[in-house]
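Following: one structure in structure tokens, then a few remarks.
A short reminder: the numbers here are calculations on the coordinates, not readings from a lab. Quick caveat: nothing in here was measured; it's all calculated off a predicted structure. Cβ placement follows ideal geometry from the backbone for every residue including glycine, while neighbour counts extend to all protein chains displayed.
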Amino acid sequence: MSRQRKGFIVERDGKIYVRVQFTDSTTGKRREIMRTAETRTKAEKLRAKLLRELEEHGETLLEGDSITFEQLADEYQSRKLVPAKIVEGKKVAGLKGLQTALGEMKSLRKYFGKKRIKTITHGDVEDFKLNRLDTPTMHGEQRGIATVNRELERLRAIFNFAKRRGWLSKSPYEMGDPLISRAVEIQRNRVLSYEEEKRLLDACVGSRAHLRPIIICALDTGMRRGEIFKLKWNDVDWTTRTITVIAGNSKTEQERLVGITDRLRDELKRLWEESPKDADRLVFGITTTIKTAWKSAMKDAVIENFRFHDARHTAITRMVRTGAASAIVMRVSGHTQHTTFRRYVNPDEKTIASLASSLGKLNETASSGDI
């Protein structure tokens, strides 16, 4: 044990104290940390623990004893939750979905607040999980498992940040069973029928006319909402009939090409003719949100339980139904993991029945000895 680190047990006024003295490696000054213990035996164990932590992790770990979750959250947020910095079309720092992350932080701060980070246990995190699932959304609805899982992932990142700073030797997530399970998340598989699509496009008139090209783009390319809204005219190639989704606009930070269907080309041509013809301008001119117009269109088209992101789900499902290889569809959709891509593959009754029919014919051919 280093001579620069000493531990003492002191009894004063009927209380037992553990004092640990050490030399700060940064300032070179002598420092002291004092903790209370219930009994002499517990004091001996605490003294040994503090000295061991000093030896293995340094004095920074002992500083974590007094740090509250609120203080940790402040440090994490100031360093990690900053606007995305894009260099040469790629994100090199910060977050794109900053507002979502800040919303997650608000829930975590409210629950853990003044608790010292070293006192937060695996059970505390389990209690937080159950508390959030039991807390209705602002609209009075059941909070989704996926939403709570995202908050738990943010919390895990915060504790890992504390470990890297030397304030924790172990995260609560490492002290018990897994706290996050993607398997129990309810995956959406809503696909727009062609009949519903016609009603929706027919509803995009008047003050909602700007929705029509956006919806067609989503249904025919599978692009994400952010990718569509950030699309500029210089990303559209009329000759090859392709759209370039630049890396900086893509969720996966990878550039990719998507094709332009005939009807999408007609919409884009019309928009170009009506525009100032500036290649650096946004194609759809959306700088805020389409929530109000979208909700109104859904109501007039009598379509329920269909979100804008479901248009991407619909597009990818339709691409798969064309018989195109999954690898090609994945390149177009921008998926890097096949497990994620699989969520978008939703065969309907006709497709499943057709597959059974084809399999039956293959079985008959095999039974007759022709293969």
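Report the gain in length on full extension from Lys170 to Arg116: 0.36 nm times residue separation, minus Cα-Cα distance, nm rounded to one decimal.
Stretched fully, the Lys170-Arg116 segment lengthens by 18.0 nm.
Note down the nm distance, to one decimal, between modelled labels 7 Å out along Cα→Cβ at Thr137 and at Ser275.
Output for this residue pair reads 3.3 nm.
I want to verify a result. In a Gaussian network model of the chain, Cα cutoff 10 Å, which of these has the top mean-square fluctuation: Lys114, Lys49, Lys269?
Lys49
Scanning the chain for GluC sites (Glu not before Pro) in DSSP loops with at most 13 other Cβ atoms within 10 Å, what's the longest stretch left with none?
The segment 142-303 is the longest one with no such site.
When a/c reaches 1.5 or more, the comparison of a/b and b/c decides; with that in mind, is the chain rounded, prolate or oblate per its Cα gyration tensor?
prolate
For the stretch 6-58, how big is the tail of P(r) above 14 Å, as a whole percent of Cα pairs?
Details: 698 of 1378 pairs.
So the pairs more than 14 Å apart make up 51 percent of the total in the stretch 6-58.
Among the listed pairs Lys6/Lys170; Lys85/Lys170; Lys6/Lys42, which have their C-alpha atoms separated by more than 26 angstrom in this model?
Lys85/Lys170
Can you list the DSSP H helices in the chain whose Cα atoms extend at least 24 Å along the helix axis and whose mean Kyte-Doolittle hydropathy is -0.5 or higher? Let's see the in-between values first.
Working: long enough: 40-57 (25 Å, -1.35); 145-164 (28 Å, -0.24); 349-367 (27 Å, -0.11).
Passing helices, by number: 145-164, 349-367.
Give the shape of the stretch 194-351 as rounded, prolate or oblate, defined through the alpha-carbon gyration tensor: a ≥ b ≥ c are the square roots of its eigenvalues, a/c under 1.5 means rounded, and otherwise the shape is prolate if a/b is larger than b/c and oblate if not. Each step should come with its number before you reach the end.
On the way: a/c = 1.66, a/b = 1.08, b/c = 1.54.
It comes out oblate by the Cα gyration axes.
Given the rule -39500 (n - 2.57) for each run of at least 4 DSSP H residues, summed and divided by the residues of the chain, what is its mean residue ellipticity at 222 nm, to the nearest 500 deg cm²/dmol? Could the numbers behind the result be given before it?
Working: 15 runs with 174 residues, N = 371.
Result for the chain, helices only: -14500 deg cm²/dmol.
Once you place label points 7 Å from the Cα toward the Cβ at Lys299 and Lys15, how far apart are they in nm?
Placing both labels 7 Å beyond Cα along the Cβ direction yields 6.3 nm.
Taking Cα pairs under 8 Å and at least six residues apart, what relative contact order does the chain come out at, in percent?
12
Cα gyration tensor of the stretch 69-184, axes a ≥ b ≥ c as square roots of the eigenvalues: rounded (a/c below 1.5), prolate (a/b > b/c) or oblate?
Because a/c hits 1.5 or more and a/b fails to exceed b/c, the stretch 69-184 counts as oblate.
If I build a Gaussian network model for the chain, linking alpha-carbon pairs within less than 10 angstrom, which residue out of Ser250, Ser275, Ser333 has the largest mean-square fluctuation?
In this elastic network of the chain, the residue with the biggest mean-square fluctuation among Ser250, Ser275, Ser333 is Ser275.
Going Cα to Cα from Lys45, which aspartates and glutamates come in below 13 Å? Please leave out same-chain ones fewer than 8 positions away.
Reachable aspartates and glutamates: Glu53.
In debye, nearest 20, what is the charge dipole magnitude of the chain about its Cα centre with +1 on Lys and Arg Cβ and -1 on Asp and Glu Cβ, if you could check?
Roughly 1460 debye, rounded to the nearest 20.
Of all DSSP beta bridges located in the chain, what percent are antiparallel, nearest 5?
Around 95 percent antiparallel, to the nearest 5.
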